[in-house]
Amino acid sequence: MLSDAERKTLGAIADVLIPAYGEMPSFSQSGAHNAHTDRVLELRPELLDALKAALALGGGGGDAGEIAEMLNRDQPDAIGLIGLVASSAYYLDADIRTKLGYPGQLQRPPVEDEEYDYEDLLQPVIARGPIFREPPK
Amino acid sequence: MSTDEAEVLIIGAGASGAVAAKHLAEAGVGVVCLEQGGQVSPEEFYGDKPEWEVMSQRRWHPNPNVRGLENDYPVDTSESDVNPLMYNAVGGSTVLYAAHWQRFMPSDFRVRSLDGVADDWPFACEDLEPFYDIMDVEMGVSGLVGDPAYPPMTPPPLPPMPIGPIGKLAARGMNELGWHWWPAPQAIPSRPYRGRGQCVRRGSCMQGCADQAKGSTDLTHWPDAIRHGARLITGARVREITTSPSGLADGAIWIDREGREHRQKARNVLVCANGVGTPRLLLNSVSKAHPNGLANASGLVGRNLMMHPYAAVVGYFDEPLESWMGPAGQAIQSMQFYETDETRGFVRGAKWNAMPTGGPLGMRSIHGGGPLESAWGENFHRGTERRLGRSFEWGIIAEDLPSEDNRVVLDPELRDGDGVAAPKIIYRNSENTQKLIAFHLERQKEAMAASGARAISLTTLMRDCGWHLMGTCRMGTNPDRSVVDQWCRAHDVPNLYILDGSVFVTSSGFNPTATICAIALRAVAHMLETRGATEAV
C-alpha cells in the first residue's frame, strides 16, 4: 500500500488532474485518496510499484501544478498512471456517482410493453422493402 | 499419462468446440475436449459490482496481452494494425463477447461472383440456414423477424430486446435520412429461457455476464455435452497434434497446470482454438509427414487472416439517454451500406451497430504527452458530463477482404508459459478497407447529425478490436487453394477437422459467432451422417 507521504503526493497531483468543478469535489475533497485508492490497488496490484515510482518523481515538494506539468512533459507514462489510478478511485465513490446521476450497472429487466414500442418508427423501413442482393444460383 | 483413445478429441471449449461436443455426445460419440483455460464462475465477474470498470481494464480485458493470465498465451502484435482479442476458458470468447447474433447475407457467400474479389464459399447461404435456425434456439436468440436486409427467415425464439432511448434516437436519425435500421438480434434472452434468467440490462456483457443470462456456450452447450458423456479437461494446453506413420492425426500432447505432459490418443481430431490459436497449433505440429505443419500442404495455414477493423462515431446529445444501460453490444443495426456500390470507390460494406457508451470511467486509458488540460483539470469533468448517459456510438464492422500477406506465423522467440512457440500477427489494413471505413465514417457523421448530436468524436481505427479471427485455414474445393473442404475436413489429413472462424473464406461485415456455430453444426451433422463410411467417427 501507499505510505502517508505517497498518499499525500498522490492527492496533491491528482487534485490538479481532478479539481473541484461545479458540484463536483476535487479528488482529495472526495476522499478518494484513501479507501478507494486502496481498493483500486488491491484489484490491480500490478500498478503499485509503478505508481510508487511515479509518485517519487513528483514527491519533492513544490507546486503540484508545476509538478504535474513537468511529469506530463518529461514522464508522460507517470502522469498517465497517476491519472488512471485517481480517476478509477474517484468514480468508485458513491457520492460522486450520485452527483453525476449515474446509478451504476443496475438490474433493469425488460417488461413486455417495452419490447416493441417503436412499431411506428419501423414502418418506413418496412415500407421501403428488401435491400439485400440475391446472388446468382 | 492418459492413453485411452477418444473417438473424437476436441481442442478448445469455445463456441465451435462446445457446439461440436454437445451434438456429438448427444449422438453417442465418445468425446474428450482439452481446454487450456478453466470454468469461469459468475462470482468472478464484476458487472454487478461498483468495481466493474476498474476490472475491465485488466482482468476482464479482451486482449490476452493485457490480461496476461496463466490460461492466456502471448501474441506478438508488433507488425499488426489491430490487436487480436479472445478469452481462453470453457465458453471461449463467448464469455466476453457482446452476443451480436448475426447471420451472413446471401451475397457474403458469393463475393467473387458478385464483386470479382476474394473467393466464393463452397456452399451457399441457404445450405447454412437450417443450422442457423437450430443455433438460434440453442443460444436463446432475441430478435424481430422481417428485417428487409435479409431474405425471409425463421423467427428467433424470443422477442427482441427493447431498443431503449439510444436505439430510438438512432432510429429517428436513420428515418430522417431514409436509411435502413432494425432492432438488433442478440444471443441474449429477453425473457427467461431454458434455465437461464432474463437479461437485466446491466450493460456489462463484455466483461462477462454476472447474471448468467447471456448466451455463452459454457452455459448453453457444455452442460448438455457433459450430461451426455463428453469429458472436458480444463487447464490443458495442447502443445501439438500428433500423427501416425501414415500421416493421420492420432491424438495430442498437452500440458497441465503443474507442467506435466500428457498424451491423449484419438481417432479423430477437431481443432476449435480460434483463428489465431488454430493455425498456431497446426504450425507447431510438425512431423516427417507434415514438415510445414499439419494440414499445410497448401502453405495457407495461418494466411488470409481477417479481423474486422472497427471504426466508430460517438454522438453527444443534450437529453439524458441512460446510455450506460445494456445490452452492451447493440440496440439497433443498419445494413444501409452493406452491399457493394462501385460508385463509392471500394467493394463490399459494413454493418453498423448503435451501442451504449458505458459508465463514467469508460475507455479512459492512460493519457500522457498531450497538453495536460486536454484530458485533465476541468476538461476531465466536462468530458464525463458530455458523455456519461448522453451519448451513443455508431460502430462499423468493416468487411475485411482476405490477403495472404495478412497472417499468423510462429514467433521465433516468444513462448507461452509452457515454452510453446507463441503466434505473431502480421496484419495491415488494405486500401479497400481504408476507403470503406472513410466512407462509412462520413455517413455515420450524417446519421449522428440527423439524430441531433450536438458534438461527435471519431475513432478511425480501434486497435483493440480484433474480436473476429477468421480465414487462417480457409475452406474450398481446391486443395492447392484451401486447407479444409466444405465439411471442415482437412484436405491433407482426412481425420482432422477445423471448426472455428479459421475456415471462413471471406469475413462478411457481420459479427461471426452465429456463422462459426452454424458451420460447426453443419460439419458435425455431416460427420454423423457419414459415420462409419470414412475415418470420421
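All of the numbers you see were taken from the coordinates with simple rules; none came from a lab. If you're wondering where the values come from, they're calculated on a predicted model, not measured in any experiment. Neighbour counts are summed over all protein chains in view; Cβ atoms, including those assigned to glycine, are modelled from backbone coordinates with ideal geometry.
Values as computed for the structure displayed
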{"read-out": "Rounded to 5, the percent of DSSP beta bridges in chain B classed as antiparallel", "value": "65 percent"}
{"read-out": "Contour minus Cα-Cα distance for B:T530 and B:E129 (0.36 nm per residue)", "value": "142.3 nm"}
{"read-out": "Per-selection Kirkwood Rh - the range B:284-437 (Cα, Å, 1 d.p.)", "value": "19.4 Å"}
{"read-out": "Sequence-distant residues sharing a close amide H with B:G466 (under 5 Å, placed H)", "value": "B:N83, B:L85"}
{"read-out": "Cα-based helix-to-principal-axis angle, B:274-284 vs chain B, degrees rounded to 10", "value": "30 degrees"}
{"read-out": "FRET E, pair B:I253, A:D4, Förster distance 45 Å, beta-carbon r, rounded to 0.05", "value": "0.25"}
{"read-out": "In nm, spacing of pseudo-spin labels at B:T343 and B:E79 (7 Å Cα→C-beta vector)", "value": "4.1 nm"}
{"read-out": "Point-to-point label distance, A:Y21-B:R194, nm (Cα→Cβ direction, 7 Å offset)", "value": "4.6 nm"}
{"read-out": "Virtual spin-label span in nm between A:I126 and B:E442, 7 Å along Cα→Cβ", "value": "3.4 nm"}
{"read-out": "Rounded tilt (10° steps) of B:15-26 against the dominant C-alpha axis of chain B", "value": "50 degrees"}
{"read-out": "Set B:K168/B:K445; B:K22/B:K214; B:K49/B:K445; B:K351/B:K445 screened for pairs whose C-alpha atoms are more than 24 Å apart", "value": "B:K49/B:K445"}
{"read-out": "Counting all C-alpha pairs of the range B:1-114, share separated by more than 19 Å (%)", "value": "62 percent"}
{"read-out": "Tensor-based shape of the range A:76-137 (alpha-carbon gyration tensor, a/c under 1.5 rounded, otherwise prolate or oblate)", "value": "oblate"}
{"read-out": "Residues B:S41 and B:R260, FRET efficiency given R0 of 35 Å [Cβ-Cβ distance, rounded to 0.05]", "value": "0.90"}
{"read-out": "Helix-derived mean residue ellipticity, 222 nm - over the protein assembly as shown, DSSP H n ≥ 4, -39500 (n - 2.57), to 500", "value": "-9000 deg cm²/dmol"}
{"read-out": "Chain A: relative contact order as a whole-number percent, Cα under 8 Å and 6+ apart", "value": "27 percent"}
{"read-out": "Positive-end residue, the range A:4-102 charge dipole about Cα centroid, Cβ charges, pick of A:H36, A:G101, A:L81", "value": "A:G101"}
{"read-out": "On Cα atoms only, tilt of B:164-177 relative to the major axis of chain B in degrees", "value": "80 degrees"}
{"read-out": "Net lengthening on full extension, B:S287/B:E378 (0.36 nm per residue, minus Cα-Cα)", "value": "26.5 nm"}
{"read-out": "B:R415-A:E119 FRET efficiency (beta carbon distance; Förster radius 60 Å; 0.05 resolution)", "value": "0.60"}
{"read-out": "Inter-chain shielding of B:177-184 (mean C-beta neighbours from other protein chains, 10 Å cut-off)", "value": "3"}
{"read-out": "Residues with amide H under 5 Å from that of B:C33, placed H, sequence gap 5 or more", "value": "B:I10, B:R231, B:L232, B:I233"}
{"read-out": "For B:S80, residues with placed amide H under 5 Å, excluding near neighbours", "value": "B:Y427"}
{"read-out": "Relative packing of B:387-400, B:232-245, A:71-84, B:343-356, which averages over residues the other C-beta atoms within 10 Å, highest first", "value": "B:387-400, B:343-356, A:71-84, B:232-245"}
{"read-out": "Net charge dipole size for the range A:4-102 [Lys, Arg +1 and Asp, Glu -1 on Cβ; Debye, nearest 20]", "value": "220 debye"}
{"read-out": "Total formal charge among the other residues, if their Cβ is under 13 angstrom from that of B:L177, Lys/Arg +1 and Asp/Glu -1", "value": "+1"}
{"read-out": "Hydrodynamic radius by Kirkwood, which averages 1/r over all alpha carbon pairs of the protein assembly as shown, in angstrom", "value": "25.8 Å"}
{"read-out": "For the range A:4-102, radius of gyration divided by Kirkwood radius, i.e. Rg to Rh on alpha-carbons", "value": "0.96"}
{"read-out": "Point-charge dipole on Cβ atoms (K/R +1, D/E -1) for the range B:5-529, about Cα centre, debye to 20", "value": "540 debye"}
{"read-out": "Evaluated at q = 0.18, 0.22, 0.25 Å⁻¹: base-10 log I(q)/I(0), Debye formula over Cα of the range B:151-233", "value": "-0.91, -1.12, -1.22"}
{"read-out": "Summed side-chain charge close to B:E319 - residues other than B:E319 whose Cβ falls under 15 Å, Lys, Arg +1, Asp, Glu -1", "value": "+3"}
{"read-out": "Chain B: translational diffusion in µm²/s, Stokes-Einstein, Kirkwood Rh over Cα pairs, 4 °C, 1.567 mPa s", "value": "56 µm²/s"}
{"read-out": "Rg [Å, one decimal], Dmax [Å, integer] - the range B:259-308, C-alpha atoms", "value": "12.5, 37"}
{"read-out": "Exercise: per-residue mean of other protein chain Cβ atoms within 10 Å, B:373-384", "value": "5"}
{"read-out": "Per-residue Cβ neighbour rank within 10 angstrom, fewest leading, B:C272, B:C125", "value": "B:C125, B:C272"}
{"read-out": "Net charge, B:P512 excluded, C-beta distance under 13 Å - Lys, Arg +1, Asp, Glu -1", "value": "-2"}
{"read-out": "Cα-based equivalent ellipsoid, the range B:120-266: semi-axes from gyration tensor eigenvalues, Å", "value": "39, 21, 15"}
{"read-out": "Order of B:V269, A:V40 under a 10 Å beta carbon neighbour criterion, fewest first", "value": "A:V40, B:V269"}
